[in-house]
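A quick write-up on the structure given underneath.
The values are calculated or read from the model by the stated rules, or taken from the named source; none is laboratory data. These numbers were taken from a predicted model, which means no experiment stands behind them. Heads up, the Cβs are rebuilt from the backbone with ideal geometry, glycines too, and the neighbour counts pull from every protein chain shown.
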Amino acid sequence: MAKITENTRNEVRETVFSFFAEECEADKSQIKDATNIIKDLDGDSLMFLELIEIFKKKFNLDIELKTIGKYAVKHPVETIGQLIEMQLLIIEHENRLLELDK
Amino acid sequence: MAEDKPAFVFPAFISDYREDPSSNIPAFNVIFQSYLNTAAACTDEKLLAFHAESNPLIEDELLNQYLSYIYGCSCARVLLNNGVNPGMTAGYSMGIYAALFIAGSISFETGLLFIQKAYEAIRKTLLHTHYGMCGVIGLSENDIGEIVLNSNLNLMIVNRNSEYSFILAGDSFHINVFVLKAREEGALHARSIGVTIPYHTNLLEEAASEFSKTVFTADVHSPGIPLISVLNQVRIDDIALVRAEVVKNIHTPFNWLATQQQMYALGISHFTECGPSLALYKNSKFISGSGKFVKWNTLLKLSFRLPGFPDP
């Protein structure tokens, strides 16, 4: 289980904000934790998948996509802030993510 | 090798124009309207009711097929008119007709005829309209196979977009069951596609046979630029192969992942999607290779500044 430091949290936030600013051709300063990914940024599942792949490489994560998918069914992500929190949980728990619900 | 020219790739039939990259490009609008007028005169004048902001023809599969074709041909023609020539081409699923047109293999009108006759043959030979297709992202091919097997679903994978993105087709009830099961099993995305035809399945073999009567009597030429088969990734370079590809494309699964990788292997370093969506552009991020996609309108804008093919 990885320890989430302040540095990790900041890196995840920066990566997520930069990613959506570039992908959605949005002004980064206008993206907030409360920004709705689909309604406000026109985001989609391929972007979510791409972001997961970025974090898998960046943090050398051992996690199956379907584990994230199963978790997301119970914990739907709508906003940038929720997405950041989920990414931090993925980094922290990897393939044990679903054990959080037990 | 394809020098440093881009590959023009053409998406399948699309009814959603919300990502339309052509808006506010006068050169596109002029050509699109010209093709639209020709198509309306050849096929159905209802096409003239189209406007991208709120596609009023969205419920009509055949009209939408014409529109996707018209749109793809228009995108490619605008690029050609601005000195951007393709080094290769391929058509995703029914995008084959626009790819053939831009390769000089068929006329614009023959492309319309193929779309019409394929659709008529399918409607004539399919037993009912309770068929569908769906896309699933985030599951492996094995995961999908297990769902299909364990739930006794009469479905087949008809295309692999990338390692974790697939298209399935078959009975519409089974499609709906699969979508629910796939979500339960952790798919990041699973959704039915708004069609009632199980393209690329053996359910369309009889339709393909009927359609072949049109294809084998139509005026077809050898492609003037390399055209890559999405069915087996070989180069289609003569009339017989063109005819065979058009017929087989109706009832045979394809592999977009392998097709794009093959184009990389043949020296293509840049792709552009000639269509109203960014579906192939987005999907390309999950296909390993040295090339990259350039948005159609970006390529067009760059072509105004640089002679020949611009380096994006």
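Among the residues of segment A:45-85, write down those that are assigned to a helix (DSSP H, G or I), free of Cβ contacts under 8 Å to residues at least 12 places away in the same chain and more than 8 Å from chain B (Cβ to nearest Cβ). Listed by number, the residues that qualify are A:Lys56, A:Lys57, A:Gln82, A:Glu85. Scanning segment B:180-201 for residues that are more than 13 Å from every other protein chain (Cβ to nearest Cβ) and within 24 Å of A:Glu50 (Cα to Cα), we see that the one that is modelled with the highest pLDDT is B:Ser192.
Just the residues that are part of a loop (DSSP other than H, G, I, E, B) and either touching a residue at least 24 places away in the same chain (Cβ under 8 Å) or touching a helix residue (DSSP H, G or I) at 6+ places or on another chain (Cβ under 7 Å) (or both), please, taken from segment B:127-148.
Initially, segment B:127-148 is screened for residues part of a loop (DSSP other than H, G, I, E, B), giving B:127-130, B:138-140.
B:Thr129, B:His130, B:Gly138, B:Leu139, B:Ser140, listed by residue number.
Would you point out the residue of segment B:74-93, among those that are in contact (Cβ under 8 Å) with a residue 60 or more places away in the chain and among the aliphatic types (A, V, I, L, M), that is surrounded by the fewest Cβ atoms within 10 Å (Cβ to Cβ)?
Checked segment B:74-93; the qualifying residue surrounded by the fewest Cβ atoms within 10 Å (Cβ to Cβ) is B:Val84.
When B:Thr214, B:Thr272, B:Thr201 are screened for being under 15 Å from the mean Cα position of the chain (by Cα) and buried (at least 16 other Cβ atoms within 10 Å of the Cβ), only B:Thr272 passes. Criterion applied to A:Leu83, A:Leu65, A:Leu41, A:Leu46 was being within 28 Å of B:Glu185 (Cα to Cα) and over 13 Å from the mean Cα position of the chain (by Cα), and the one residue passing it is A:Leu41.
Quick check, is B:Ala169 within 14 Å of chain A (Cβ to nearest Cβ), out of contact with any Asp or Glu (no Cβ under 6 Å at 6 or more places or on another chain), outside any helix (DSSP H, G or I) and hydrophobic (A, V, I, L, M, F, W, C)?
Working: within 14 Å of chain A (Cβ to nearest Cβ): no; out of contact with any Asp or Glu (no Cβ under 6 Å at 6 or more places or on another chain): yes; outside any helix (DSSP H, G or I): yes; hydrophobic (A, V, I, L, M, F, W, C): yes.
So B:Ala169 does not fit the description; no.
Within segment A:30-44, the set of residues being more than 14 Å from chain B (Cβ to nearest Cβ) and not hydroxyl-bearing (Ser, Thr, Tyr) comprises A:Gln30, A:Ile31, A:Lys32, A:Asp33, A:Ala34, A:Asn36, A:Asp40. Is it fair to say B:Tyr66 is touching a helix residue (DSSP H, G or I) at 6+ places or on another chain (Cβ under 8 Å), modelled with pLDDT of 90 or more and surrounded by 16 or more Cβ atoms within 10 Å (Cβ to Cβ)? Yes: the conditions hold for B:Tyr66.
Scanning segment B:147-194 for residues that are touching a Ser or Thr at 6+ places or on another chain (Cβ under 9 Å), of a type in the set (Val, Ile, Thr) and more than 25 Å from A:Pro76 (Cα to Cα) yields a single hit, B:Val158. When B:Asp143 is tested against (1) within 14 Å of another protein chain (Cβ to nearest Cβ); (2) more than 20 Å from B:Gly91 (Cα to Cα); (3) at pLDDT below 95, exactly one condition is not met: (3). Being more than 10 Å from B:Pro6 (Cβ to Cβ), within 14 Å of chain A (Cβ to nearest Cβ), at pLDDT 85 or above and surrounded by 15 or more Cβ atoms within 10 Å (Cβ to Cβ) holds for only one residue in B:Ser284, B:Ser277, and it is B:Ser284.
Do the conditions hold for B:Gly72, that is, is it assigned to a loop (DSSP other than H, G, I, E, B) and among the small types (Gly, Ala, Ser)? So B:Gly72 fails the test. Quick one: which of B:Asp237, B:Asp311, B:Asp219 is acidic (Asp, Glu), at pLDDT below 90 and outside any helix (DSSP H, G or I)? Only one candidate qualifies: B:Asp311.
For segment B:149-156, indicate whether the set of residues that are touching a residue at least 40 places away in the same chain (Cβ under 8 Å) and either surrounded by fewer than 13 Cβ atoms within 10 Å (Cβ to Cβ) or within 14 Å of another protein chain (Cβ to nearest Cβ) (or both) is non-empty.
no
Every condition in (1) within 14 Å of another protein chain (Cβ to nearest Cβ); (2) in a helix (DSSP H, G or I) holds for B:Val177 except the one numbered (1).
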